1. Just to be sure, is Ala116 loosely packed, with under 11 Cβ neighbours inside 10 Å and either of a type outside the set (Val, Ile, Thr) or outside any helix (DSSP H, G or I) (or both)?
2. For Leu45, state whether it is without any contact (Cβ under 8 Å) to a residue 60 or more places away in the chain and assigned to a helix (DSSP H, G or I).
3. What number of residues in segment 204-229 are within 19 Å of Trp165 (Cα to Cα) and either touching a Gly at 6+ places or on another chain (Cβ under 6 Å) or not in a loop (DSSP other than H, G, I, E, B) (or both)?
4. Can Asp34 be described as modelled with pLDDT of 95 or more, on the phi < 0 side of the Ramachandran plot, out of contact with any strand residue (DSSP E or B) (no Cβ under 6 Å at 6 or more places or on another chain) and outside any loop (DSSP other than H, G, I, E, B)?
5. Answer yes or no as to whether Val77 is of a type in the set (Val, Ile, Thr) and free of Cβ contacts under 8 Å to residues at least 24 places away in the same chain.
6. Restricted to segment 163-178, and to residues that are not in a helix (DSSP H, G or I) and not aromatic (Phe, Trp, Tyr), which residue is surrounded by the most Cβ atoms within 10 Å (Cβ to Cβ)?
7. Which pairs turn up if I take residues in segment 244-258 that are free of Cβ contacts under 8 Å to residues at least 12 places away in the same chain and look for partners that are assigned to a helix (DSSP H, G or I) with beta carbon separation below 8 Å, at least 6 apart in sequence or on another chain?
8. Could you tell me whether any residue of segment 49-71 is outside the structural domain of Glu25 (by TED's automatic domain parsing), farther than 19 Å from Asp34 by Cβ and among the hydroxyl-bearing types (Ser, Thr, Tyr)?
Amino acid sequence: MPKNPIPKSETNPADAFLRLLNVLETLRAQCPWDKKQTMETLRHLTIEETYELSGAILEGDKNEIKKELGDLMMHLVFYSKIASENNDFDITDVLNGVCDKLVNRHPHIYGDVEVANEEDVKRNWEQIKLKEGNKSVLGGVPVSMPALVKAARIQEKARGVGFDWDNKIQVWEKVVEELEEFRAEVDVPKEEMDQEKAEAEFGDVLFSLINYARFVNINPENALEKTNKKFIKRFQFLEKKAEENGKQLADMSLTEMDVFWEQAKTEKL
């Protein structure tokens with residue numbers, strides 16, 4: 001006989017959420033592992049789950065997306081449970097807080113503000129955040145966010161208050177300018193290169209490219225991750241073909257490897 005009755009699946013969203021709350025309540029009270037967890041010990045696991053969700057989205061795997069969303073939902077409830085034990089806040093406070101924020105930041109839905117398009121919505125959102133006490137439009141960008149994602153968010157937020165280029169031609173001209181400045185720093189004998197200046201110019205190149213991606217509706221993080229996945233598939237194909245031919249990559253010339261690489265491309269890997 002199980003120590004606790006197994007909670008049945010629910011068809012109503014509210015009942016299903018209550019089921020999760022009850023399961024976490026039981027685990028926190030009775031499971032040795034769950035008893036020991038703190039916000040700090042869960043933090044790295046939450047980051048891992050977020051990346052797993054991101055990967056599932058890029059792969060278009062709907063079943064995995066559903067599972068990873070469940071894992072993240074569990075983590076959010078877990079954090080709220082831990083906080084409630086210290087009388088800091090509970091899940092009700094969390095849910096009401098986000099609802100209040102959404103209502104307040106959508107005056108075109110819950111008020112009499114008129115908007116013409118998505119850009120008006122974003123602009124209002126940033127202005128409301130400043131009224132709520134944010135000292136800077138960029139204050140809400142997490143310090144620990146990966147640099148590529150952070151650059152995109154910084155640019156989006158600056159755009160929300162009108163600090164932006166007029167068109168993509170201007171942005172591309174900036175990309176070319178930054179590339180030339182970077183090239184000027186590195187196109188010198190190695191012993192003469194100023195590493196710090198070269199790094200700064202390379203950062204400017206990346207920042208300007210991310211800016212251009214925004215103007216042509218490309219998510220730079222998604223684009224780079226898709227390229228990473230493509231490279232991995234092609235490189236693993238190269239390794240497989242080398243093995244089939246009784247060779248080691250380290251012993252092959254670049255010309256030999258390129259034959260298999262081009263084959264991988266023709267097979268659309």
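1. yes
2. For Leu45, the condition - without any contact (Cβ under 8 Å) to a residue 60 or more places away in the chain and assigned to a helix (DSSP H, G or I) - is met.
3. 13
4. Taking the combined requirement at face value, the residue satisfies it.
5. Here the answer is no, as Val77 does not meet what is asked.
6. Asp164
7. From segment 244-258, the pairs are Lys247/Glu256; Gln248/Ala242; Leu249/Leu238; Leu249/Glu239; Leu249/Ala242; Leu249/Met257; Met252/Ala242.
8. No, segment 49-71 has no match at all.
The values are calculated or read from the model by the stated rules, or taken from the named source; none is laboratory data. This structure is a prediction, so every number in the text was calculated from the model and none was measured. As a convention, Cβ positions derive from the backbone with ideal geometry for all residues, glycine included, and neighbour counts pool all protein chains shown.
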